[in-house]
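To start, the structure itself, in structure tokens.
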Amino acid sequence: MSTTLSTEERTRLLKDLYGRYGLYITSLEKQPLSPHTVRAYQTRMQHFLGFLGENIGQYKDALSSVNTRDYVARDYKLYLKQELKSSPQTVNAYLTAIDSFYIFLGLGKVKAKREDLPALAPQALTAKEQKDFLRAIEDCKSVRDKAIATLLLYSGMRIGECAALNEDDIALSERKGVVKIRAGKGGGYREIPLNSQSREALHAWLAHRRKIYPNNFDPAFFISNLGQRLSVDGIDHAIRKLAKSAKLEGVSAHTLRHTCLTNLVRAGNDMVMVAQIGGHKKLETTMRYSLPTKFDQEEAMEKILVEF
């Protein structure tokens, strides 16, 4: 099959390609997905379409042919593995985004085998890392960021759910507290009890907020320095800044969610209850937190050292 294209044909194909991408992103933004998820899909699709665009002569009908759809997905998978040295998790994440794009086009999921993943628990902070992170929270001068980090670490909520919180979603008293997630993943509703440390941090933030912004009537629970709802990016920045001060790498709000759920499972709590707290639709998702972590493996290997 010839891969040579005239300038006019190449321009036409690329215009169609990125036109469809624009429509896909518009559709994606209307779905009940967190801004973080939309951004992740957008970034992955931009990378895939860059690959497709560079090789458009080889995959001229990639937007209309099921066979070509599969060819380009498989070739792209090899490109990720061999050229970019991407991890199995990354490869599968990109294939999931490609599936989403082709489902939007009406062609269905691509036939490209997913990478086998090691049976490990989601990445969570070790006990020492949790202590380091908590010390960083304690030293933090921002009352708001203290409250955000404490809430995420002890509630297991998603970053998008945290950004969407309104004042009336949090009920606090001296001995009890609850946070209401009104539109979790898939639109689900759940309530998460708040422990004493979370309640203390949230009480402090509410008092600070009302003192600094006495005339602010924005319903958002967490607000920016401009008095508007704090974005997902703002929350992400706060968590990563705290992690940096604790000398921890690769820590995000998602890491804190995994840490909370891992702690709950390893403390021997009922899986159904943990699934309810995490907002999991399937119990199998929660069961992953009972699997060994990379740290568990490393620790196990160190223990078999033989003195000689």
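The values are calculated or read from the model by the stated rules, or taken from the named source; none is laboratory data. The structure displayed is predicted, hence computed values, not measured ones. Virtual Cβ from ideal backbone geometry, glycine too; neighbours counted across all protein chains shown. Just the protein is used for accessible areas: all its heavy atoms, side chains included, with ligands, DNA and RNA removed. Shrake-Rupley method; radii C 1.70, N 1.55, O 1.52, S 1.80 Å.
Among the residues making up region 181-198, those that are under 11 Å from S155 (Cβ atoms) and open to solvent by less than 70 Å² (accessible area, probe 1.4 Å) are I181, R190, I192, L194, N195, S198. Cβ contacts < 9 Å: first residue open to solvent by less than 70 Å² (accessible area, probe 1.4 Å), restricted to region 206-224; second residue assigned to a loop (DSSP other than H, G, I, E, B) and among the aromatic types (F, W, Y), any location; separation 6+ or different chain. Result? Correct list of pairs: L206/F221; R209/F221; R209/F222; I223/Y213. Scanning region 17-34 for residues that are touching a residue at least 12 places away in the same chain (Cβ under 8 Å), in a helix (DSSP H, G or I), open to solvent by less than 70 Å² (accessible area, probe 1.4 Å) and not aromatic (F, W, Y) turns up L17, I25, S27, L28.
Looking across region 1-16, just one residue is open to solvent by 40 Å² or more (accessible area, probe 1.4 Å), hydrophobic (A, V, I, L, M, F, W, C) and not in a loop (DSSP other than H, G, I, E, B), and that is L14.
All of K303, K294, K281 fail the test of being in contact with a helix residue (DSSP H, G or I) (Cβ under 7 Å, 6 or more places away or on another chain) and of a type in the set (D, E, K, R), apart from K281. The residues listed here are V274, V306, V251, V232; of these, the one that is surrounded by 14 or more Cβ atoms within 10 Å (Cβ to Cβ) and farther than 27 Å from S142 by Cβ is V274.
Just give me the residues in region 60-99 being open to solvent by less than 10 Å² (accessible area, probe 1.4 Å) and assigned to a loop (DSSP other than H, G, I, E, B), in sequence order. Once the filter is applied, which keeps residues that are open to solvent by less than 10 Å² (accessible area, probe 1.4 Å) and assigned to a loop (DSSP other than H, G, I, E, B), region 60-99 yields only A62.
Is it true that T90 is touching a helix residue (DSSP H, G or I) at 6+ places or on another chain (Cβ under 8 Å) and closer than 23 Å to V232 by Cα? Yes: the conditions hold for T90. Only residues that are in contact with a Phe, Trp or Tyr (Cβ under 9 Å, 6 or more places away or on another chain), buried (at least 19 other Cβ atoms within 10 Å of the Cβ) and in a loop (DSSP other than H, G, I, E, B) were counted across region 109-163, and they come to 5.
So that you can scan it fast, the table gives a plain yes or no per residue for (1) β-branched (V, I, T); (2) touching a residue at least 60 places away in the same chain (Cβ under 8 Å); (3) farther than 15 Å from L248 by Cβ:
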| site | (1), (2), (3) |
| --- | --- |
| T126 | yes, yes, no |
| K131 | no, no, no |
| L134 | no, no, no |
| C140 | no, yes, no |
| I148 | yes, yes, yes |
| M157 | no, yes, yes |
| E161 | no, yes, yes |
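Helices (runs of 4 or more DSSP H) fully within region 263-308 that include at least 2 residues being free of Cβ contacts under 8 Å to residues at least 40 places away in the same chain and more than 19 Å from R190 (Cα to Cα): 294-303.
Report yes if H258 is farther than 17 Å from L152 by Cα, of a type outside the set (V, I, T), open to solvent by less than 80 Å² (accessible area, probe 1.4 Å) and assigned to a helix (DSSP H, G or I), otherwise no. Criteria not met by H258. Looking at R69, R10 in this structure, which one is in contact with a Gly (Cβ under 8 Å, 6 or more places away or on another chain) and of a type in the set (D, E, K, R)? Testing whether each residue is in contact with a Gly (Cβ under 8 Å, 6 or more places away or on another chain) and of a type in the set (D, E, K, R) leaves just R10.
Listed by first and then second residue, the pairs linking a residue in region 35-55 that is hydroxyl-bearing (S, T, Y) to a residue that is open to solvent by less than 50 Å² (accessible area, probe 1.4 Å), with Cβ atoms under 8 Å apart and 6 or more places separating them unless they lie on different chains, are T37/G160; Y41/L28; Y41/A97; Y41/S100.
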